[in-house]
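Single-structure report; data block below.
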Amino acid sequence: MNPLNAHNLVIDVPGRTGGQAMDFTVGEGQVWGVLGPNGAGKTTLLHTLAGLRQARSGEVRLGGTALSDMKRRLVSQQLGLVFQERHDEFPATVLETALIGRHPWLSPWQMESGEDLAIAEQALKQLDVAHLSDRLVSTLSGGERQRVAIATVLAQNPATWLLDEPSNHLDLHHQVAVMELLKAQAGAGRAIFMCLHDLNLAARWCDHLLLLFPNGEACWGPAETMLVPSALERLYNQKLVTVEADGAPVFVPVKG
Ligand SMILES: Nc1ncnc2c1ncn2[C@@H]1O[C@H](COP(=O)(O)OP(=O)(O)OP(=O)(O)O)[C@@H](O)[C@H]1O
């Protein structure tokens, strides 16, 4: 369909010389997690993949075409973005915000149809925020806002999702619900690429991982080949104990 491909991509992290060229493809049905310590460049990578930031070299391709050669409207139909910094100051309700997800699919000046409204309402229901439809987004809690942002991308229905810390602000139940939703999206043929701070969420729900080190070094591949305790300890500069629970490895930091 529309695989997202990083081709010899070197991201432009300020103050970092060099940086490893990355070559990977996020295929349909795959759930990728990006792991790395603070400042490693995870958000920079995500912004570069979204075409919002210039790469130092190499290119990002969507469905085989360089992102830089594609019309923004086509990109906005294909790529859904859940980023950390939001501009929720504009006084919009939760329903109006979810409807923005439909805009890439409308022609200029076209009003949202009854079908667009139904899609947005269904997305809000799926993220458990339908009861907040008439509330101004600026009045919501952090977790509620995060779920509205994810519902907006669900309404957009892109082939590829890019998410920066989607579990941010979410309680345990909603973390699991969002991970299950993303897994279901992948099951329906979408491609998911997200930065995660929670190693255990990544170990449980991602089938591919990209480890990003502070010096710009990176490695990527199927999750089972990346979840090597010694590599993760080096990544986070943190000793870990590995146990298995509920069929997945669980990494516990060693105290002191
Ligand atoms: N506009 C900027 N000016 C200067 N430095 C910047 C700028 N934007 C990012 N950086 C630096 O680039 C590095 C990578 O930032 P980035 O946000 O990509 O890291 P991250 O891995 O997402 O970190 P975190 O886990 O803390 O969210 C950081 O050291 C950051 O301070």
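What follows is calculated from the coordinates using simple rules that are stated; it is not laboratory data. Owing to the predicted nature of the structure, the values given are computational and were not obtained by experimental measurement. Neighbour counts run over all protein chains shown; Cβ positions are idealised from the backbone, glycine included.
If you fit an axis through the alpha-carbon atoms of helix 142-156 and take the longest principal axis of the Cα set of the chain, what angle between them do you get, 0 to 90°, nearest 10? It is inclined by approximately 70 degrees. Select from SER68, ALA231, ASN8 the residue farthest towards the positive end of the dipole of the chain; place +1 on Cβ of Lys and Arg, -1 on Cβ of Asp and Glu, and compute about the Cα centre. So the residue furthest toward the plus end is ASN8. The residue list VAL250, VAL153, ALA218 was ranked by how far each Cα lies along the charge dipole of the range 4-253 toward its positive end, using unit charges on Cβ atoms, and ALA218 comes out on top. Axis angle, to the nearest 10 degrees, between helix 172-187 and the longest C-alpha principal axis of the chain: 80 degrees.
Full extension of the segment from HIS173 to THR225, taken as 0.36 nm per residue of separation minus the current Cα-Cα distance, would add 15.9 nm. Modelled label positions at ASN215 and ALA118, each set 7 Å beyond Cα in the direction of Cβ, lie 5.7 nm from each other. The lysines whose alpha-carbon is closer than 22 Å to the alpha-carbon of LYS42, local same-chain residues fewer than 8 away aside, are LYS183, LYS239.
Output the antiparallel fraction of DSSP beta bridges having both residues in the chain, as a percent to the nearest 5. Of the beta bridges lying entirely in the chain, close to 60 percent run antiparallel. Within the listed set ASP207, ASP134, ASP69, the Gaussian network model of the chain (springs between alpha-carbon atoms below 10 Å) gives the highest mean-square fluctuation for ASP69. Legend: Rg and Dmax of the range 4-253, from Cα coordinates, 18.2, 56 Å. Cα centroid separation, the range 1-25 to the range 128-182: 27 Å. GNM remark for the chain: springs join alpha carbons under 10 Å apart, and the peak mean-square fluctuation among GLN185, GLN30, GLN20 falls on GLN20.
Springs between Cα atoms under 10 Å define the GNM used for the chain, and in it the highest mean-square fluctuation of ALA188, ALA50, ALA218 occurs at ALA188. Longest stretch of the chain clear of exposed loop sites (trypsin sites (Lys or Arg not before Pro), DSSP loop, at most 10 other Cβ atoms within 10 Å, sites excluded): 72-254. Under the convention that each Lys and Arg Cβ holds +1 and each Asp and Glu Cβ holds -1, the size of the dipole of the chain around its Cα centre is about 520 debye.
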